[in-house]
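Visitor: Take this structure first; my questions come after.
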Amino acid sequence: MMPRLPRRGLAQVVALVVILLLDRAVSPQFFDVRLQDGRLFGSIVDVLNRGAPVALLSLGMVLVIATRGIDLSVGAVMAIAGAIAASLADSHGLPLVLAAALGAGLVCGIWNGILVAIFGIQPIIATLILMVAGRGIAQLITEGRIVTFTSPDLVWLGNGNVLGLPVPVVIIAVMLILTGAVVRWSALGLLIEATGGNARASELAGIGTRAMILAVYSWCGLCAALAGVIAAADIMGADANNAGLWLELDAILAVVIGGTSLFGGRFSLVLAVTGALIIQAMNTGILLSGYPPELNLLLKAAVVLAVLLLQSPRLAGIAGLAARLRGAKA
Amino acid sequence: MDRGTDPAAALLEVRKLAKSFGALVALQDVDFTLRAGEIHALLGENGAGKSTLIKVVTGVFARDAGVVRLGGVDIAPRSAKAALDAGIATVYQEVNLLPNLSVAQNLYLGRQPTRLGLVQQSEMRRRARELLAEFGLHIDVAAPLADFSVAIQQLIAIARAVDLSARVLILDEPTSSLDHNEVEILFRVMRQLAGRGIGIVFVSHFLDQVYAISDRITVLRNGRLIGERETGSLPRLELIRMMLGRELAETTSERAAATPHEARDVCASFEGYGKAGYLAPFDLELRHGEVVGLAGLLGSGRTETARLVFGVERADAGLARVEGVPARLQSPRDAVRHGFGYCSEERKTEGIVADLTVRENIVLALQAKRGLLRPLSRSEQDEIATRFIGLLDIRPPEPERPIGLLSGGNQQKVLLARWLATTPRLLVLDEPTRGIDVGAHAEIIRLIRELCREGLALLVISSELDEIVTYSDRVVVLRDRAHVEELRGDAIDVSRILSAIAADGPASVREGRT
């Protein structure tokens, strides 16, 4: 085992900067920001805004992965929460809409947590159940239609702005600070990392590992629901078939790019969100460049590979690589 | 000792070897000479540099400076495979073979006899049988490796290494998981190989075995060469002094001063406590300032007793009391809340959280006890970590180092610190000195005594009867998953314990090491 790199986070920051510079190269106005009607506009604001759902998902996902778990159901939970919010939006006030949608997400998270923590089902299988069933539930709620709404309150969540910033960007900032505060100002962060690092040893040290696991899946469900509400508010409707489709993979990708190992243990909230922004910066860049969007998938794979190689302790330097090559020849 | 070859011929010569990891100097100016046909023990405390030396010689690490000569020729292997090709084979404690393949396949992996591109199974098995017969091993070579004991697997690993034309064989703690008979078999093979002119490096922390098998001894300490001696002319005390660099305080010879048992307050008591199919109901009283040793063979119920006491397994009969008050011990959490602590014998899988730092590992149990909402501030954590690192002499004294990078003895001290930080009333230690070198061993025994003087109740499990005799005020002997006898005060000695263990049934007990 190698000591942890002291330059933790450097790889992610470098990757983000490189991609933003590439974006700038394909689209010279990329960094231009202008104020119009009290709101900031520009590609860079767009990256933050569009990246909000995946960033929110990654906030929950990173905690789940830190316990050595995974949550495949977040895309489906987004669909459920979006469907609930859209169905209630025009007949109820925003507080109740939010409570219902987020409450549903919380219930989904608790369900996953119970399957994993209490029944000991492998996380990938346990959450696969809701990944499949959740989309069905969402379709039942919308009765198979695309439910649209006009409630200005809910629309504001996706399209409004606060102090010039799009509301989703403000929400992700608040959630990042809130999650960070909960995790780092309580003992939760340490206990989650211990649980993920060695669950057996943690239990013997008196940590309630089941409660930890239940808590992280619940939080993940809540974050997914919030992402679902924002996505629905953005398009002023809920599409149970496509809302949040495949976003669980982007969220997992964001967490991995953020340097949190799928084997659990150490995690970083900020770097997970950075990972989400890296992914979105690539998406936006491809769109701006006019290249076919299909290219995006390949590019994503290439960036993932690059970040993972940068993080790999075995490739801690070109010197190490060269030594290896010489050794292979010998 | 003459083994039929020229004893003066230096087979493997290491001169002025140096290796650092960042600021940490792991080896400095180390010389090591292995002659053909000798068994050479490489000794030192954890962190003395034994593993680093082996890894540099076998190409796992690149050296910073120095020379390695094999048969007079300078070598610089860049990988374990290159070292093997050069004639240096290493067999580790954990056998690096494939348990799902057959013995023959393991022996000839990567060099199977083929005809027309097809593996000749029968030819391979015939050769495997012949090869193993040389080692006095007559087993079914078509059976999967996993069917055999660790000892046999180790012999197979050695056979494979030797058959790959090894001239130097490095055995790193080969006897840690072997029983007495298996050690004898291994030693016979080692002598046989030495007789064929192979030079053997033997790393072990069992000093008895070192004296039984080795011709010469090289001692390292803190990455430096302390000396090379003939085994026959090196008294044990002198050897220990070389390894520790200080007189081993008389920790392991003198018995604890006896305070009358009844004069102490009961800390925890168990009446008719047990679990069907796991451990027969037992009565046990643990008193403040008293060490109770649990002795018995592996599987006799020692670890099972510890697990019931700590709530890892739930008892289905009996009553537990803590300070006289009935207590529920349904989980480790319950036990921790009642002020219990437990160091499992499985340090790696049930003790350390390898990725986390020494500081985080130390505060873990205390934080779990305080609960989520009363987090220890960073400065409190730093203070606790620094205090215990100093108190237990944890090395290197760096609280921010991941614990996985520490040696076994220091990991064990961190785990002790984890529980001491919770100011427990009862500490259960399962094999606290296993896999730990002689210095840390003595230190942990010294710690056990000190803790007990401060009023802690201790329940200690150990296979080393000498050790148990040294620190225990009472010894509970177990046999066949039941507590069978309790010895007190002057009645505690190794032979009494042995006869209690062996009372009915074969006396297949490992001799107490002296």
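The values are calculated or read from the model by the stated rules, or taken from the named source; none is laboratory data. Note that the coordinates shown come from a computational prediction; the quantities given were computed from them, not determined experimentally. Note that each Cβ is placed from the backbone with ideal geometry, even for glycine, and that neighbours are counted across all protein chains shown.
Visitor: Between a first residue in segment A:199-221 that is within 13 Å of chain B (Cβ to nearest Cβ) and a second residue that is outside any helix (DSSP H, G or I) and not β-branched (Val, Ile, Thr), which pairs have beta carbons less than 6 Å apart while being 6 or more apart in sequence or on different chains?
Guide: Qualifying pairs under 6 Å: A:Ala201/B:Gly351.
Visitor: Right, next: Within segment B:341-363, take every residue that is touching a Ser or Thr at 6+ places or on another chain (Cβ under 9 Å) and under 25 Å from B:Ser462 (Cα atoms) and give me the one that is farthest from the other protein chains (Cβ to nearest Cβ).
Guide: B:Glu345
Visitor: Condition check: within 13 Å of chain A (Cβ to nearest Cβ) and either closer than 28 Å to A:Ala194 by Cα or surrounded by fewer than 24 Cβ atoms within 10 Å (Cβ to Cβ) (or both). Does B:Leu308 satisfy that?
Guide: So B:Leu308 does not fit the description; no.
Visitor: Return a yes/no flag: does segment B:40-50 have any residue that is among the hydrophobic types (A, V, I, L, M, F, W, C), within 21 Å of B:Gly409 (Cβ to Cβ) and in a loop (DSSP other than H, G, I, E, B).
Guide: yes
Visitor: The conditions are (1) at pLDDT 80 or above; (2) of a type outside the set (A, V, I, L, M, F, W, C); (3) in contact with a helix residue (DSSP H, G or I) (Cβ under 7 Å, 6 or more places away or on another chain); (4) farther than 24 Å from B:Leu366 by Cβ, and B:Gly435 fails exactly one of them. Which is it?
Guide: Looking at each condition in turn, B:Gly435 falls short on (1).
Visitor: Let me ask you something else. Of the numbered conditions (1) closer than 28 Å to B:Leu373 by Cα; (2) small (Gly, Ala, Ser); (3) crowded, with 24+ Cβ neighbours inside 10 Å, A:Gly275 satisfies every one except a single condition; which is it?
Guide: It is condition (1) that A:Gly275 fails.
Visitor: Which of the residues belonging to segment A:175-184 are closer than 17 Å to A:Leu214 by Cβ and either at the interface with chain B (Cβ under 7 Å from one of its Cβ atoms) or without any contact (Cβ under 8 Å) to a residue 40 or more places away in the chain (or both)?
Guide: Once the filter is applied, which keeps residues that are closer than 17 Å to A:Leu214 by Cβ and either at the interface with chain B (Cβ under 7 Å from one of its Cβ atoms) or without any contact (Cβ under 8 Å) to a residue 40 or more places away in the chain (or both), segment A:175-184 yields only A:Val182.
Visitor: Can you find a residue that is more than 14 Å from every other protein chain (Cβ to nearest Cβ), among the hydrophobic types (A, V, I, L, M, F, W, C) and buried (at least 21 other Cβ atoms within 10 Å of the Cβ) anywhere in segment A:151-165?
Guide: Yes, some residue in segment A:151-165 is more than 14 Å from every other protein chain (Cβ to nearest Cβ), among the hydrophobic types (A, V, I, L, M, F, W, C) and buried (at least 21 other Cβ atoms within 10 Å of the Cβ).
Visitor: Something else: Got at least one residue in segment A:139-154 being within 22 Å of the chain's Cα centre (by Cα) and modelled with pLDDT under 95?
Guide: yes
Visitor: What is the number of the single condition among (1) at pLDDT below 85; (2) under 30 Å from B:Leu234 (Cα atoms); (3) surrounded by fewer than 21 Cβ atoms within 10 Å (Cβ to Cβ) that B:Gly44 does not meet?
Guide: Exception for B:Gly44: condition (3).
Visitor: If we only count helices (runs of 4 or more DSSP H) wholly inside segment B:380-495, which ones have 2 or more residues that are among the acidic types (Asp, Glu)?
Guide: Those helices (runs of 4 or more DSSP H) span B:438-453, B:465-471.
Visitor: Working carefully through the options A:Gly196, A:Gly158, find the one that is over 17 Å from A:Leu59 (Cβ atoms), in contact (Cβ under 8 Å) with a residue 24 or more places away in the chain, of a type in the set (Gly, Ala, Ser) and assigned to a helix (DSSP H, G or I).
Guide: When all the criteria are applied, what remains is A:Gly158.
Visitor: Here is a further query. How many of the residues making up segment A:252-270 are more than 14 Å from chain B (Cβ to nearest Cβ), under 20 Å from A:Leu188 (Cβ atoms) and crowded, with 24+ Cβ neighbours inside 10 Å?
Guide: 2
Visitor: I would also like to ask the following. When you look at B:Leu415, is it more than 21 Å from B:Ala26 (Cβ to Cβ) and more than 13 Å from every other protein chain (Cβ to nearest Cβ), yes or no?
Guide: So B:Leu415 fails the test.
Visitor: Show me the helices (runs of 4 or more DSSP H) entirely contained within segment A:1-101 in which 2 or more residues are within 26 Å of B:Leu356 (Cα to Cα).
Guide: Qualifying helices (runs of 4 or more DSSP H): A:10-26, A:43-66.
Visitor: Here is a follow-up. Just a yes or no: is a residue in segment B:80-102 among the aliphatic types (A, V, I, L, M) and on the phi > 0 side of the Ramachandran plot?
Guide: No, segment B:80-102 contains no residue that is among the aliphatic types (A, V, I, L, M) and on the phi > 0 side of the Ramachandran plot.
Visitor: Given the criteria at pLDDT 95 or above, surrounded by fewer than 19 Cβ atoms within 10 Å (Cβ to Cβ) and not aliphatic (A, V, I, L, M), does A:Gly93 qualify?
Guide: no
Residue-wise test of (1) more than 8 Å from chain A (Cβ to nearest Cβ); (2) in contact (Cβ under 8 Å) with a residue 40 or more places away in the chain; (3) over 29 Å from the mean Cα position of the chain (by Cα).
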site	(1), (2), (3)
B:Ala368	no, no, no
B:Gly371	no, no, yes
B:Gln381	yes, no, yes
B:Arg387	yes, no, no
B:Gly390	yes, no, no
B:Pro399	yes, yes, no
B:Gly404	no, yes, no
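Visitor: It is to be established whether one or more residues within segment B:90-106 are more than 29 Å from the chain's Cα centre (by Cα), farther than 22 Å from B:Ile158 by Cβ and not in a strand (DSSP E or B).
Guide: no
Visitor: Given the residues A:Arg50, A:Arg68, which is the only one that is within 14 Å of chain B (Cβ to nearest Cβ) and under 27 Å from A:Val183 (Cβ atoms)?
Guide: From the options A:Arg50, A:Arg68, the qualifying one is A:Arg68.
Visitor: Considering only segment B:366-379, state which residues are outside any helix (DSSP H, G or I), under 23 Å from B:His338 (Cα atoms) and out of contact with any Phe, Trp or Tyr (no Cβ under 9 Å at 6 or more places or on another chain).
Guide: Matches in segment B:366-379: B:Gly371, B:Leu372, B:Leu373, B:Arg374, B:Leu376.
Visitor: If you don't mind, another one. Being among the aliphatic types (A, V, I, L, M), surrounded by fewer than 24 Cβ atoms within 10 Å (Cβ to Cβ) and at the interface with chain B (Cβ under 7 Å from one of its Cβ atoms) is the requirement here; does A:Ala187 meet it?
Guide: Taking the combined requirement at face value, the residue satisfies it.
Visitor: Residue by residue through segment B:311-340, note down the ones that are aliphatic (A, V, I, L, M) and either farther than 20 Å from B:Phe282 by Cβ or away from chain A (no Cβ under 13 Å) (or both).
Guide: B:Ala315, B:Ala317, B:Leu319, B:Ala320, B:Val322, B:Val325, B:Ala327, B:Val336 - these are the residues of segment B:311-340 that are aliphatic (A, V, I, L, M) and either farther than 20 Å from B:Phe282 by Cβ or away from chain A (no Cβ under 13 Å) (or both).
Visitor: Can we say B:Glu130 is over 27 Å from B:Leu11 (Cα atoms) and either surrounded by fewer than 20 Cβ atoms within 10 Å (Cβ to Cβ) or modelled with pLDDT of 90 or more (or both)?
Guide: Yes: the conditions hold for B:Glu130.
Visitor: While we're here: What single numbered condition from (1) at pLDDT 90 or above; (2) basic (Lys, Arg); (3) under 22 Å from the mean Cα position of the chain (by Cα) fails to hold for B:Arg216?
Guide: With respect to (1) at pLDDT 90 or above; (2) basic (Lys, Arg); (3) under 22 Å from the mean Cα position of the chain (by Cα), B:Arg216 is out only on (3).
Visitor: Please work out if A:Val64 is surrounded by fewer than 14 Cβ atoms within 10 Å (Cβ to Cβ), within 16 Å of A:Ile257 (Cα to Cα) and hydrophobic (A, V, I, L, M, F, W, C).
Guide: Considered against the rule, which asks whether it is surrounded by fewer than 14 Cβ atoms within 10 Å (Cβ to Cβ), within 16 Å of A:Ile257 (Cα to Cα) and hydrophobic (A, V, I, L, M, F, W, C), A:Val64 comes out as no.
Visitor: Tell me which residues, restricted to segment B:279-316, are of a type in the set (Ser, Thr, Tyr) and modelled with pLDDT of 90 or more.
Guide: Hit for segment B:279-316 is B:Thr305, nothing else.
Visitor: I'm trying to understand the selection: among the residues of segment A:230-251, which are under 16 Å from A:Ile141 (Cα atoms) and surrounded by fewer than 23 Cβ atoms within 10 Å (Cβ to Cβ)?
Guide: Within segment A:230-251, A:Gly237, A:Asp239, A:Asn241, A:Asn242 meet the criteria.
Visitor: Would you say B:Asp473 is touching an Asp or Glu at 6+ places or on another chain (Cβ under 7 Å) and away from chain A (no Cβ under 14 Å)?
Guide: So B:Asp473 passes the test.
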